[in-house]
1. Taking the number of other C-beta atoms within 10 Å as the exposure measure, put 61, 83, 98 in order starting with the fewest.
2. Taking the number of other C-beta atoms within 10 Å as the exposure measure, put 49, 66 in order starting with the fewest.
3. Using 0.36 nm per residue, how much length does the chain from residue 70 to residue 35 gain when fully extended, once their Cα-Cα distance is taken away?
4. Rank the residues 14, 75, 87 as a footprinting-exposure proxy: fewest other Cβ atoms within 10 Å of their Cβ go first.
5. In Å and whole numbers, how far do the C-alpha atoms of the range 1-97 stretch along each principal axis, longest first?
């Protein structure tokens, strides 16, 4: 039971689980930085330059947390089904968030893309019709859009001896602008 309590973060709501994941990954990255400073081999998941938070969480759930909670669920069925469902939902969320390249360090994520090589921009527009059916005289459509940020490093301005110039482009488009 104590082991289940120790490994319960992935069974919590996604919001709470992500907060704890950020905390533990920050600890891991600090450990990796200290190992790097001392010339030591950097422990798994502790290198902020190569670690994938998303992949590490999927592996953590698949190989450690899920087997533990499956065993627990066998003992207390059906009381643990909600826990297993939340665990699966959280695993699926992290799986869906696995990027094509490693995650940036937590500090870089919170500093407007500082240190990132590039991010991809995408447009998201949601349509919602105000209509109770075809008989309504004036149908109107509401558009909702969201601001996206694109961080770009100009390779022509990049110099290894100088600070990298980062251009932050933000655009909020509505149907009137398009």
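1. Ranked by crowding around the Cβ, least crowded first: 98, 83, 61.
2. 49, 66
3. 9.1 nm
4. So the residues, fewest neighbours to most, are 75, 14, 87.
5. 50, 27, 19
Every read-out reported here was derived from the displayed coordinates using simple, explicitly stated rules and does not represent laboratory data. Predicted, not measured: the structure shown is a model, and the values here were computed from it. With ideal geometry, Cβ positions are generated from the backbone for all residues, glycine too; neighbour counts draw on all protein chains shown.
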